[in-house]
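The values are calculated or read from the model by the stated rules, or taken from the named source; none is laboratory data. Quantities reported herein were computed from a predicted structural model and do not represent experimental measurements. Methodologically, a virtual Cβ is constructed for each residue, glycine included, from the backbone with ideal geometry; neighbour enumeration extends over all protein chains shown.
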């Protein structure tokens with residue numbers, strides 16, 4: 001579990017602003033579920049999704065997401081992992097491969113989190129931000145993610161990464177604007193045996 005608690009370049013929970021917010025959010029709370037819910041809902045509801053709000057700059061590092069108040073799903077998942085890890089709750093990164101227009105190619109990755117809850121084990125949440133047609137919630141043990149996996153070339157990857165995928169980081173660090181990210185959304189091919 002140690003790697004899911006570490007501070008790192010992208011999940012920099014030891015950054016003063018991230019650590020301060022992590023402590024502020026859980027004041028008066030001792031229940032693990034309540035702490036996890038509070039962190040999840042704060043990121044989901046207070047950090048604007050870059051594409052939904054057409055916001056720049058492009059963020060990747062958790063502390064930058066917090067400072068700028070915006071991020072794509074991937075960046076928001078970095079901040080949520082940082083807040084949870086700062087509160088000693090193991091958190092990892094997960095991905096789905098989804099159809100961009102819900103009818104086949106093109107495809108892209110969608111970023112979300114897995115939280116290790118002693119009562120339930122690994123539990124996935126999606127802090128991308130709700131909007132009409134998207135209603136992600138924290139309701140363990142039942143997952144309530146932003147998007148279902150529907151098509152045959154879509155995928156719900158079961159891996160839980162402790163660090164972001166290089167293809168995700170590459171796009172977020174290379175692109176200068178939200179529209180450039182939208183033109184270069186990360187994807188990985190599914191290998192069928």
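The residues in the stretch 146-166 that are modelled with pLDDT of 95 or more, loosely packed, with under 15 Cβ neighbours inside 10 Å and under 23 Å from residue 50 (Cα atoms) can be counted, and the count is 1.
Total residues in the stretch 1-24 satisfying the condition of being in a helix (DSSP H, G or I) and in contact (Cβ under 8 Å) with a residue 40 or more places away in the chain: the figure is 8. The single condition from (1) in a loop (DSSP other than H, G, I, E, B); (2) exposed (fewer than 14 other Cβ atoms within 10 Å of the Cβ) that residue 180 fails is (1). Looking at 173, 143 in this structure, which one is surrounded by fewer than 18 Cβ atoms within 10 Å (Cβ to Cβ) and either in contact with a strand residue (DSSP E or B) (Cβ under 6 Å, 6 or more places away or on another chain) or part of a loop (DSSP other than H, G, I, E, B) (or both)? Just one listed residue meets the conditions, 143.
With respect to being part of a helix (DSSP H, G or I), buried (at least 24 other Cβ atoms within 10 Å of the Cβ) and touching a strand residue (DSSP E or B) at 6+ places or on another chain (Cβ under 7 Å), residue 75 falls outside the description. Residue count for the stretch 25-64, restricted to those that are more than 28 Å from residue 141 (Cβ to Cβ) and without any contact (Cβ under 8 Å) to a residue 60 or more places away in the chain: 4.
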